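Encoded as structure tokens, the structure appears first; notes follow it.
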Amino acid sequence: MAIKDYIRQRYFPQMWCPGCGHGTILNALLRAVDELGLDKNSIVMTSGIGCSARISGYVDFHSLHTLHGRALAFATGVKLSKPELKLLVPMGDGDALAIGGNHFIHAARRNIDITAIIMNNRIYGMTGGQYSPLSGPGKKASTAPYTTIDNQFDVVNLSIAAGASFVARSTTYHVLECVDILKRAIQHKGFSVVEILSQCPTHYGRKNKEGDAVQMLEFQKKTTAKLGSKALENDPTLIPRGVFVDIDAPEYCEEYDKIMKRAMKETLQKEPLKNFGNQANQTCDMA
Amino acid sequence: MARLKLKEHLINRDWCKGCNICVHFCPKHVLELDSEEKVVAVRPEDCICCRLCELRCPDLAIEVITEQSDHDATSTSEDAVNTSEQDD
Ligand SMILES: Cc1ncc(C[n+]2csc(CCOP(=O)(O)OP(=O)(O)O)c2C)c(N)n1
Ligand code: SF4
Ligand code: SF4
Ligand code: SF4
């Protein structure tokens, strides 16, 4: 299918500022879905609130635009009731790791089959440029006119520690790499995290004198390097990109299914006449 | 792999926001912004069909149509990998 068949064209041109990296993430995601040949009706995208979260309005998948920080909670509900569907959850850095940080670590811990995409522009774009848990120290924000003092999370290390079974990082400059990683993440069974460094020229770029979108992309090119590359070996201060973890681990919905089956079998053995098994079966289908 | 041959750059002027990303990163300097800050292919004969402009555009406003494969057919970002100059 053409890329345009996966979007709701009536909402274009989209609302993001000129050169906003979130648009490139949408672009890369559409290519990944197209190249995997996924049926639109098999995909559910849930999102929270933020410039990033507006992405769910533009895709022609099933979509739920929910509450700030809660996209993963909604996705968990959808996935448990309809495990055959693919769940894509794009989130801003504030959405995913400030207000939504608790949902994030617990979704990772459960290893539920959801693809989480962190659209990391290191700032709250939508509400006017407040700093986020991913800004890092020494950055300017509307809430830090004299620069931030907070350390940032490392999304990759946090995700690994929390139990995600696929963890990767790329940038909006490295769009081919993004498509490739997103394809792998979507195909992975378990909780996959793809952090994509994005640019907010309007707030982060302007406040931190990083220039326009083009200059911010040049910065991503300069300050990151592929895992295993000579560049990274020579300069460990560069931000590593690539796939950090890709392991097989028990997936939450499958484990839940096993427990349900065991519970039904044992109940049936204990109380065969009440025919409780059938009832439980129905509840399970509707759950 | 057969070398892709350019048919045209399909530009959606209503969607293009003139961010300059495609212009700046085109390896062959094929693109420019016009007086209305919309992208135009000024040197289409130099285009190597790497598709990086199409893939990076935040607004889905530019498409590279090639002879062998127009937009609905087989061209993928993998074709772009094969011809691109994207570095580490
Ligand atoms: C419960 C709640 N608290 C706060 C807000 C205000 N709010 C809206 S978006 C946002 C942060 C957006 O930043 P981020 O998630 O990083 O996304 P971006 O806009 O940068 O893409 C905040 C704090 C809200 N909508 N709901
Ligand atoms: S404010 Fe920043 S994040 Fe929001 S659309 Fe504009 S550039 Fe993008
Ligand atoms: S990248 Fe897209 S929006 Fe930006 S100038 Fe090029 S065509 Fe226009
Ligand atoms: S396909 Fe490549 S060479 Fe051709 S205009 Fe786009 S970026 Fe430039």
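Quick look at the values:
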item	result
Rough spin-label spacing in nm, given labels placed 7 Å along Cα→Cβ, for B:Gln68 and A:Val245	4.0
Links that overshoot a 29 Å alpha carbon limit, given the list A:Lys207/B:Lys38; A:Lys189/A:Lys261; A:Lys189/A:Lys265; A:Lys139/A:Lys183	A:Lys139/A:Lys183
Footprinting exposure proxy for B:Asp46, B:Asp14, A:Asp93 (fewest neighbouring C-beta atoms within 10 Å first)	B:Asp14, B:Asp46, A:Asp93
Taking N as its residue count, the alpha carbon Rg of the range A:3-249 over 2.2 N^0.38 Å	0.94
Folded to 0 to 90 degrees: helix A:101-110 orientation relative to chain A principal axis, Cα	50
Theoretical ellipticity at 222 nm over chain A - DSSP helices of four or more residues, -39500 (n - 2.57) apiece, nearest 500	-11500 deg cm²/dmol
Inter-label distance, nm, simple model (7 Å from Cα along the C-beta direction), A:Ile259/A:Asp150	3.3
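Coordinate-derived values only; no laboratory data. In this text, all values refer to a predicted model and were calculated from it rather than measured experimentally. Every residue, glycine among them, receives a Cβ derived from its backbone with ideal geometry; neighbour counts consider all protein chains shown.
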